[in-house]
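Okay, so here's the structure we're looking at.
The values are calculated or read from the model by the stated rules, or taken from the named source; none is laboratory data. Here the structure is a predicted model, which means the values were calculated and not measured. A quick note on method: Cβ atoms are made from the backbone with ideal geometry, for glycine too, and the neighbour counts reach across all protein chains shown.
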Amino acid sequence: MDITEHTGGYAVAEVAELRTGAFTAEIHRDGRHVVDVENDGRGGCNYYSAVSPELRDEVQALHEYAARDFGDFEPADAFVEALIDIDTAEKNARRNGTPFSAEAEAMITAFKENAIPETIPYMESTFDLLRKIGAAKDAEGLPTESIEAQSAERATPTSGISGASRAETSSSIRRTLFDR
C-alpha cells in the first residue's frame, strides 16, 4: 500500500532530528522532492523553502492541503509532524516485525500519556491519519517481517552477533557502567 494515497501524495524523506526538537526534512510530493522544511528547535514554527524557483507554488500547495485537515493554527507544521510520525511508525514496524497499526497505536498512547491534556485535541488529526493508514495496511493483510527475521531467512546476521549474545553483551555493559 502506498501511504501517500492518504496524504495527498506527500511524504517525508531524509529526516534528521535532534533531541532539542530541531529537525530538517525533505517533503516529497508524488515521489518528487519539492520542499525543504526545518525547525531550529527553539519553539517557533517550521521554515519552508521550495527546492527550486519553479517549485515555489509547492510551499503554498502544502499549506493549503494541510489546512483542510489540520486546523487553523500552523496546519502545515502539524501535517509535517504527522508525516514524520508516519515515517517513524513505518521504520519501527519494519525493524520490529510488527504491524504499522500497532506501532501507530503505541505512538498515540505514549503521546496521550505524556502530553499536556489541552494539547491532545490538536493531535486528533494526526491520530486519525495514523489509524486510517494502519487500517488500510492491516486490510492489505501483508505479513510484516522484522529485519532480523528477513536476515535469518537469508542466513545473514544483521550484526554478526546473535540476539542472545547481544542481550548478554548489553546487560554486561549496563552492569559495568552502573556497577551492578
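So, residue 92, is that one polar (S, T, N, Q) and in contact (Cβ under 8 Å) with a residue 24 or more places away in the chain or not? When the stated conditions are applied, residue 92 does not pass them. Would you mind stating whether residue 113 is under 23 Å from residue 45 (Cβ atoms) and over 17 Å from the mean Cα position of the chain (by Cα)? So residue 113 fails the test. For the stretch 30-52, the set of residues classified as farther than 17 Å from residue 78 by Cα and surrounded by 14 or more Cβ atoms within 10 Å (Cβ to Cβ) consists of 33, 34, 50, 51, listed by residue number.
Tell me the helices (runs of 4 or more DSSP H) entirely within the stretch 65-163 that contain at least 1 residues that are at pLDDT 90 or above and assigned by TED's automatic domain parsing to the domain that holds residue 17. Result: 75-96, 100-114, 120-140.
Here the stretch 104-126 is the region considered, the condition is being in contact with a Lys or Arg (Cβ under 9 Å, 6 or more places away or on another chain) and more than 16 Å from residue 66 (Cβ to Cβ), and the residue that is surrounded by the most Cβ atoms within 10 Å (Cβ to Cβ) is 104. When the residues of the stretch 9-29 are filtered to those that are outside any strand (DSSP E or B) and under 17 Å from residue 82 (Cβ atoms), the one that is nearest to the chain's Cα centre (by Cα) is 21. Of all residues in the stretch 39-64, exactly one satisfies the criterion of being among the β-branched types (Val, Ile, Thr) and part of a helix (DSSP H, G or I), namely 59.
Residues considered: 62, 18, 55, 83. Of these, the only one that is surrounded by fewer than 13 Cβ atoms within 10 Å (Cβ to Cβ) and among the aliphatic types (A, V, I, L, M) is 18.
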